[in-house]
Every structure is written in structure tokens, then in C-alpha cells.
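Structure record follows, encoded as C-alpha cells.
No lab work stands behind these numbers, since they all come straight from the coordinates. In this text, all values refer to a predicted model and were calculated from it rather than measured experimentally. Positions of Cβ are generated from backbone atoms using ideal geometry, with glycine treated the same way; all protein chains shown enter the neighbour counts.
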Amino acid sequence: MTASSTPAASGRDRVIIFDTTLRDGEQCPGASMTLEEKLEVASLLDDMGVDVIEAGFPVASQGDFESVAEIARRSKRAVIAGLSRAALSDIDRCAEAVKHGPRPRIHTFLSTSPVHMKYKLQKEPEQVLEMVIASVTRARNHVDDVEWSSEDGTRTEIDFLCRCVEAAIKAGATTINIPDTVGYTSPAEYQALFRTVRERVPNSDKAIFSVHCHNDLGMAVANSLAGLAGGARQIECTVNGIGERAGNAPLEEIVMAIDTRPDAFPYQTGINTRMLTRASKLVSAVTSFPVQYNKAIVGRNAFAHESGIHQDGMLKHTQTYEIMTPESVGVSKTSLVMGKHSGRAAFRDKLRTMGYELGENALNDAFTRFKDLADRKKMVYDEDIEALVDQEIAAAHDRIRLISLSVIAGTRGPQRATMRVEVDGRVSTEEAEGNGPVDATFNAIKALVPHTAKLELYQVHAVTEGTDAQAEVSVRLEENGKVVTARSADPDTLVASAQAYITALNKLQMKRQSVNPQSAVG
């Protein structure tokens with residue numbers, strides 16, 4: 001859903017999305033971006049429908065100034081804001097940067113809490129109030145769109161906060177932001193704060209109120225939505241929730257909460273939600289900040305299901321375990337992740353999508369081997385399943401079957417392999433030594449299944465990535481001009497080697513039978 005309808009048509013209040021990924025997000029340690037990267041992010045945010053893009057802090061450096069100015073020049077529809085402290089020279093510098101855009105905004109801020117005024121500003125409340133008036137007046141002389149923020153607003157005394165807000169609006173501020181700068185408040189408190197300020201400040205109807213929440217206690221999204229219930233109509237947020245300390249309220253979570261639960265949040269945004277995943281990946285790439293796997297909306301596991309119960313429900317109806325579609329946020333499809341918690345229904349469905357139709361007995365055998373493999377691997381890939389099923393199909397008529405293998409290896413030789421195999425229903429055990437664990441394994445096979453075949457090829461490669469990847473072993477045997485090749489895969493290279501060798505012997509046996517039906521193994 002793109003929330004493109006008008007507020008009048010939908011009956012839902014319009015919420016302004018103010019993205020500060022390029023300013024507050026970039027202040028996150030290690031998240032600096034180049035000019036080219038900022039331009040790319042800003043362009044995507046503009047295309048996505050972000051209403052206000054806070055492009056940077058122009059006075060911070062020449063590079064920041066140039067990036068804000070260039071983003072402003074390239075803006076297609078979004079308001080481009082620059083941040084400024086209350087110093088008049090800062091405001092002038094900010095105005096110089098944002099003036100290049102068709103819709104410039106100056107966002108100026110000043111601390112108002114007792115602890116900030118005493119230790120950070122070292123000023124009395126009356127001095128701070130005068131600075132609020134002077135800074136907003138200066139900004140308004142440059143642009144018509146001025147936002148004023150009371151830094152550490154949630155720890156500010158309510159009487160003084162109301163005086164500052166009233167003064168800022170009177171001086172020309174069109175947006176009033178009361179940020180939870182240190183992530184201290186709770187949803188009920190934040191909602192009450194906005195209601196109180198809007199009720200007590202006589203000119204509050206002349207400004208839009210804004211929320212800006214940090215996630216120090218993990219409540220940034222909840223607090224932001226509570227602020228809307230208190231009367232705010234602008235939300236300040238960042239892509240992936242990046243920002244100072246524990247970060248800001250994530251844009252994607254706020255937008256999808258509003259989009260998914262209009263009954264609880266009767267608002268609308270102008271965001272094209274299908275671009276959320278793309279924005280997440282871009283910001284993650286340019287900042288080198290990975291997105292946690294279980295991150296809401298855009299995390300790798302947000303639309304992935306491994307539990308057998310969940311997978312069965314998803315196969316019957318997607319709404320059993322998904323409250324939004326993956327397509328709505330730009331993800332191509334739901335992922336049924338194959339792992340140790342997956343059930344038979346999901347395994348059968350996975351086989352069908354891979355082109356396999358197994359009978360009930362073959363399916364049961366393959367599922368048993370899959371669960372065994374999943375117990376040994378964190379993630380089972382399609383290639384793992386393909387190797388497993390191919391091996392199951394190939395082994396359906398095998399006369400020789402591997403039952404167990406244990407190997408003693410290391411720097412102190414000789415290496416020794418103990419193996420049990422079943423030949424035509426009869427189980428035998430043998431122990432053999434060799435020049436290395438593979439040689440010992442193959443010698444054990446020769447002792448259990450005497451043959452004259454020569455090993456022409458032994459090759460190993462990983463089926464998938466990671467230290468728990470399956471090893472795929474290829475073995476080629478030659479006997480009296482007959483050549484057979486067999487492959488097998490297993491997380492244990494030695495087990496895969498034994499299975500491949502035994503599979504090759506089974507193939508030789510089938511070739512012998514095609515010539516002489518009375519021939520026996522060996």
C-alpha cells in the first residue's frame with residue numbers, strides 16, 4: 001500500500017515523515033557517508049515519498065555544507081532541512097546551504113531540561129528562553145519553514161517547556177519538535193506530554209507538533225506512535241533505526257505499523273512501502289551497518305519461517321503467521337527456511353518446487369535423512385536438499401549400504417577406520433588402517449566388499465558456504481574397461497567419501513548384472 005489517497009477521502013489524518021538518516025543517522029559512530037552515497041540515499045528517500053529529508057548539519061564541516069546544498073539542489077519534491085544550533089552564525093550557515101532547494105527548512109534546537117541547561121549550556125532558564133526567541137526569529141528571516149526543537153524535551157519541566165514552545169511559535173516556528181533525546185520516556189508519558197503542551201500553549205494551533213524518539217529503552221517506535229495519539233503529526237525517524245547510541249525510531253517500522261493497523265493508528269503517510277526493503281539495503285550498504293536478522297519489517301528473517309507448525313500454517317493460508325505481505329515492503333516472497341524445526345509438509349512442498357515427486361516411502365526416507373542433516377547444520381540450502389534427494393534416489397536399489405563409520409585420524413598414525421555395511425541384507429563390520437583417514441576408509445570398504453576396481457578420481461568440494469557446509473565427493477572407479485562415477489554429499493567429508501565409493505561399487509554391480517545376471521558382488 002502506498003497511502004496515496006487524500007486525508008479527506010480516507011478519513012485518516014496525514015502524518016509527515018521526517019527522515020534524519022543523513023543527519024542523526026550519520027552521527028552513529030562509524031556510519032559516515034561520502035557525498036555520492038548521501039546523494040544516492042537522498043534520491044531514494046525522495047522517490048519513496050519522504051516528506052522532509054534532514055540532509056545534514058551544515059556548520060559541522062565544509063563537506064556537510066556541500067552535501068546539504070547539493071541534496072537541496074537535486075530535491076524533486078521533499079522539503080530539505082538542515083540542522084542548526086541556536087547560535088546565529090550557525091543559522092546563517094544553515095540558511096546558505098538549504099536555500100538551493102525549492103522547499104528549504106531550517107531546523108534549530110536548544111536544550112531545555114534542567115540537567116542540560118546547568119551542565120551543558122551553563123545558562124539560566126530566562127537566558128535560554130531569550131535564545132529560543134532570537135534563534136527562531138533569525139531562522140524565520142531566512143526561510144518560511146522553521147522547526148524548533150527542545151532538546152531533552154521529555155526531561156524538561158512542563159511549565160518551562162510550555163513557555164519555550166509558545167515563544168518559538170510566536171517568533172515564527174511552524175513546526176515544534178519535542179524530542180525524547182535520551183530515550184527516557186514511556187508511551188503514556190509521551191502522549192500526555194503532547195496533550196498537555198497543546199492544551200496549555202495558546203498558539204499551539206499555529207504549528208505542527210513533531211516527535212523524535214531514541215531507542216535507549218527499546219520504546220522509540222511505541223513512543224513515536226503515542227506522540228501521534230497526543231496530537232503530533234510529524235514523526236522523525238531513520239532508515240533501519242540508525243542513530244546515536246541505541247539509534248532512532250526506524251522509519252520502516254513506523255510506516256508499516258500505521259499501514260497495517262489503521263484501526264489502532266488512524267493515520268496515513270505518503271510512503272511507497274514497496275521501497276522500504278530497497279532503502280534498508282542501500283543504507284546498510286553505504287554505512288556498512290548490517291541489519292539484524294530478526295529486525296522487524298526489513299530483517300532477513302522478517303518473512304522467513306522454519307518452525308514446522310508455522311510452515312504448515314503458511315502453506316494452508318499465509319495470514320496464519322504473516323500480518324502483512326512480503327511484497328508490500330518490497331520482498332519478493334515468503335521464505336520457508338529448511339532447518340531442524342521444519343515439518344514434513346514444508347519438506348514435501350520444497351521438493352515439489354525443486355521438481356521432485358517422491359513416493360511416500362521415498363519421501364519418508366528422504367525426510368529422515370533431511371532431519372539428520374538439519375541437526376548438524378544451521379541452515380539447509382536447496383543444494384543440500386538436492387544432493388540428499390539425488391543420493392536417496394540413486395540408493396533406492398543399492399545392494400551395498402553404509403550403516404556406520406568411525407575414523408581415528410591426526411598427527412599420530414596410523415589412521416584407522418571402522419565401518420559397518422549391509423550387503424544384500426547381511427551386516428558386516430571391518431577395521432582397516434591406511435595412509436590417512438580417506439585411505440583407511442577405502443581400505444575398510446575393500447575388506448568388506450572385495451573387488452578389483454581401481455580408483456581413478458577422488459575429488460572434494462563444498463556444496464554450500466560456511467564451515468558446516470556439506471562436502472560433495474566425486475569418485476570414479478574403473479574395472480575391466482567399465483568406468484563409473486558417483487557423487488555423495490555430507491557435512492562429514494569422510495562419510496561423503498565412503499558413500500560415494502559405495503555408490504560407485506553399486507553402479508559397477510549393476511553393470512556386471514547387465515552383462516551376467518548371475519554375477520555376485522566381488
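Can you compute the charge dipole magnitude of the chain about its Cα centre, using +1 on each Lys and Arg Cβ and -1 on each Asp and Glu Cβ, nothing else charged? Give it in debye, rounded to the nearest 20.
580 debye
Which value at 222 nm does the chain reach when only helices count, each DSSP H run of 4 or more adding -39,500 (n - 2.57), with the total divided by all residues and rounded to the nearest 500 deg cm²/dmol?
Working: 16 runs with 204 residues, N = 522.
For the chain, the value works out to -12500 deg cm²/dmol.
Within the set K38/K281; K371/K507; K120/K295; K454/K507, which residue pairs have Cα atoms separated by over 24 Å?
K371/K507; K120/K295
Compare the Cα positions of A42, V115, V132 along the charge dipole of the stretch 33-154 (+1 at Cβ of Lys, Arg; -1 at Cβ of Asp, Glu; about the Cα centre) and return the one farthest towards the positive end.
V132
Considering only DSSP beta bridges whose two residues both sit in the chain, what percent are antiparallel, to the nearest 5?
50 percent
Just to confirm my numbers, what's the Cα centroid distance between the stretch 446-460 and the stretch 359-374 in Å?
28 Å
Among I385, A362, S406, which residue has its Cα furthest toward the positive end of the charge dipole of the chain, with +1 on Lys/Arg Cβ and -1 on Asp/Glu Cβ?
Selected residue: A362.
What is the distance, in nm, between label points placed 7 Å from the Cα along the Cα-to-Cβ direction at E130 and at E96?
2.7 nm
Taking the Cα centre of the stretch 187-235 as origin and charging only Cβ (+1 Lys, Arg; -1 Asp, Glu), how large is the dipole, in debye to the nearest 20?
Its charge dipole is roughly 200 debye.
Using θ = phi - 60° and the Karplus curve 6.51 cos²θ - 1.76 cosθ + 1.60, what whole-Hz ³J(HN,Hα) does each residue of the stretch 482-492 get, with Gly and Pro shown as x?
Per-residue couplings from phi come out as 8, 10, 10, 10, 9, 10, 8, 10, 6, x, 9 Hz.
Determine the relative contact order of the stretch 414-484: mean sequence separation of Cα pairs under 8 Å and six or more apart, normalised by residue count, in whole percent.
RCO, the stretch 414-484: 22 percent.
If you compute Rg and Dmax of the Cα atoms in Å for the structure shown, which of (i) 22.8, 72; (ii) 33.1, 107; (iii) 24.1, 77 do you land on?
(ii)
Taking amide H atoms as placed 1.01 Å from N in the peptide plane, list the residues 5 or more away in sequence, or in a different chain, whose amide H sits under 5 Å from that of K99.
For K99, whose amide H was placed from the backbone, there are no distant partners under 5 Å.
Taking the Cα-to-Cβ direction at D263 and at K316 and moving 7 Å from each Cα, how far apart do the two end points lie in nm?
Output for this residue pair reads 2.2 nm.
Taking 0.36 nm per residue of separation and subtracting the Cα-Cα distance, what length does fully extending T418 through E430 add?
3.7 nm
Starting from the Cα of K120, step 7 Å along the direction of its Cβ; do the same at E199; then give the gap between the two resulting points in nm.
2.8 nm
As an exercise, use a Förster radius of 30 Å and the Cβ-Cβ distance of H461 and A285 to find the FRET efficiency, rounded to the nearest 0.05. If you can, show how the numbers build up before the last one.
Numbers: r = 30 Å, r/R0 = 0.99.
With R0 = 30 Å, the Cβ-Cβ based efficiency is 0.50.
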